[in-house]
């Protein structure tokens, strides 16, 4: 039997100052002031349409992603949160994250975000090297990044994530290590540390920049930086996520444990467990902001609905859960997929035999080799 897992709310804000050449998210360069008030109206209408999917359930986390959500005025964020919390039950201490661009930080803005209900910030720093930032097409420099974090801390935020990338064009191991040292000096609660990848349909994929480190150099950076993060007190709990004790990202943990989430906003994706018919629904919204706002509140805003067939659920579950350093329990697999653990016994055993997974008292944990070859492990669970 499928058991409804924890529920999160994802809110997509599609505008940004300038689209980065490596970005494959649904983001659109702003032309003048984006219509934020009209967008909040559309978000609430969109939420109203999706409410029947989650009647009676409690929201454990909220995440504003983008684009650059920190472009949105605090008053608009507050109006959405007030509207959402009047429609959905928010758990006590609900984690509410806002992605922020250091290049759009202003004095007083963070105090307003905190007053609006935001209690976690995620800064897209990417690097503290100005040359690397320029090659990545970022609109901020290292001084602005440090200033933005300090402004947020002075405003009262103590739950802050810094996004950092490595294997950047023109970067060597020493430069990657220096990025981490400068991040540690700011004492964030959480660090996301991931390798630059050339995603399809991006500028970098079409015209790869010169000087991207090779595979071996990238692996050396990853191993060296993982050791630095551990020494600094940041525990790795996911492939690219490191946190101080108790500061793991609740929202992302819900994704990685195959939890449920409503996706509200232009291009947002959601995944909902439907108890009445024992199904898993994936739903996504129209991507273009103007089309989305015109259609919000009606069925036309839905870009697509898809039922995840039982034979696909093991793959989807593993695609997420095997990113976690601590792995998963077979009981959680059965509850989240509605499939008996015995049905995936041959695949599990094959992964164990290859040295990719270990099993102990009902828990399945990826080995170091398994984490390095995650794609190979996950592919074992593809439906025939």
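The values are calculated or read from the model by the stated rules, or taken from the named source; none is laboratory data. All figures in this text were calculated on a predicted structure; none of them were measured in a lab. Methodologically, a virtual Cβ is constructed for each residue, glycine included, from the backbone with ideal geometry; neighbour enumeration extends over all protein chains shown.
Things worth noting here:
- From 358, 364, 377, residue being part of a strand (DSSP E or B) and either closer than 26 Å to residue 280 by Cβ or more than 28 Å from the chain's Cα centre (by Cα) (or both): 364
One line per residue, one yes/no per condition, for (1) touching a strand residue (DSSP E or B) at 6+ places or on another chain (Cβ under 6 Å); (2) farther than 30 Å from residue 195 by Cβ; (3) in the same structural domain as residue 73 (by TED's automatic domain parsing):
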| site | (1), (2), (3) |
| --- | --- |
| 1 | no, yes, no |
| 12 | yes, no, yes |
| 20 | no, no, yes |
| 24 | no, no, yes |
| 38 | no, yes, yes |
| 41 | no, yes, yes |
| 46 | yes, yes, yes |
| 49 | no, yes, yes |
| 53 | yes, yes, yes |
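Every residue, every condition in (1) at pLDDT 95 or above; (2) closer than 15 Å to residue 102 by Cα; (3) surrounded by 19 or more Cβ atoms within 10 Å (Cβ to Cβ), yes or no:
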site: 123; (1), (2), (3): yes, yes, yes
site: 140; (1), (2), (3): no, yes, yes
site: 149; (1), (2), (3): yes, yes, yes
site: 160; (1), (2), (3): yes, yes, yes
site: 166; (1), (2), (3): yes, no, yes
site: 170; (1), (2), (3): yes, no, no
site: 173; (1), (2), (3): yes, no, no
site: 176; (1), (2), (3): yes, no, yes
site: 181; (1), (2), (3): yes, no, no
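- Subset of region 42-62 (residues that are in contact (Cβ under 8 Å) with a residue 60 or more places away in the chain and in a helix (DSSP H, G or I)): 42, 43, 45, 46, 47, 48, 49, 50, 53, 54
- Yes/no for residue 145 being assigned to a helix (DSSP H, G or I) and free of Cβ contacts under 8 Å to residues at least 24 places away in the same chain: no
To keep it simple, each residue is scored yes or no on (1) crowded, with 20+ Cβ neighbours inside 10 Å; (2) over 19 Å from residue 24 (Cβ atoms); (3) touching a strand residue (DSSP E or B) at 6+ places or on another chain (Cβ under 7 Å).
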| site | (1), (2), (3) |
| --- | --- |
| 272 | yes, yes, yes |
| 284 | no, no, yes |
| 298 | no, yes, no |
| 333 | yes, yes, no |
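- For region 356-365, a residue qualifies if it is in contact with a strand residue (DSSP E or B) (Cβ under 6 Å, 6 or more places away or on another chain) and at negative phi, and the qualifying residues are 357, 358, 363, 364, 365.
- Residues that are farther than 11 Å from residue 318 by Cβ and in contact with a strand residue (DSSP E or B) (Cβ under 8 Å, 6 or more places away or on another chain), drawn from region 339-355: 352
- Region 125-138, subset surrounded by 17 or more Cβ atoms within 10 Å (Cβ to Cβ) and assigned to a loop (DSSP other than H, G, I, E, B), residue modelled with the lowest pLDDT: 138
- Residues that are without any contact (Cβ under 8 Å) to a residue 40 or more places away in the chain, in a strand (DSSP E or B) and either closer than 15 Å to residue 226 by Cα or in the same structural domain as residue 26 (by TED's automatic domain parsing) (or both) do occur in region 165-177, at least one of them.
- Residue in region 78-91 that is touching a strand residue (DSSP E or B) at 6+ places or on another chain (Cβ under 8 Å), part of a loop (DSSP other than H, G, I, E, B) and under 19 Å from residue 108 (Cβ atoms) present: no
- Considering the conditions (1) more than 19 Å from residue 121 (Cβ to Cβ); (2) in a helix (DSSP H, G or I), residue 182 is excluded by exactly one of them, (1).
- Residue among 115, 84, 100, 74 that alone is closer than 24 Å to residue 147 by Cα, buried (at least 18 other Cβ atoms within 10 Å of the Cβ) and over 20 Å from the mean Cα position of the chain (by Cα): 74
- Residue in region 116-131 that is without any contact (Cβ under 8 Å) to a residue 24 or more places away in the chain and assigned by TED's automatic domain parsing to the domain that holds residue 11 present: yes
- So residue 153, is it on the phi > 0 side of the Ramachandran plot, surrounded by fewer than 17 Cβ atoms within 10 Å (Cβ to Cβ), in the same structural domain as residue 119 (by TED's automatic domain parsing) and free of Cβ contacts under 8 Å to residues at least 40 places away in the same chain: no
- Some residue of region 302-311 being touching a strand residue (DSSP E or B) at 6+ places or on another chain (Cβ under 7 Å), modelled with pLDDT of 95 or more and in a helix (DSSP H, G or I): no
- Within the option set 163, 172, 141, being under 25 Å from residue 210 (Cα atoms) and touching a strand residue (DSSP E or B) at 6+ places or on another chain (Cβ under 8 Å) holds for one residue only, 163.
- Where strands (runs of 3 or more DSSP E) fall entirely within region 234-286, those with at least 3 residues that are closer than 22 Å to residue 44 by Cβ are at 260-265, 269-274, 279-285.
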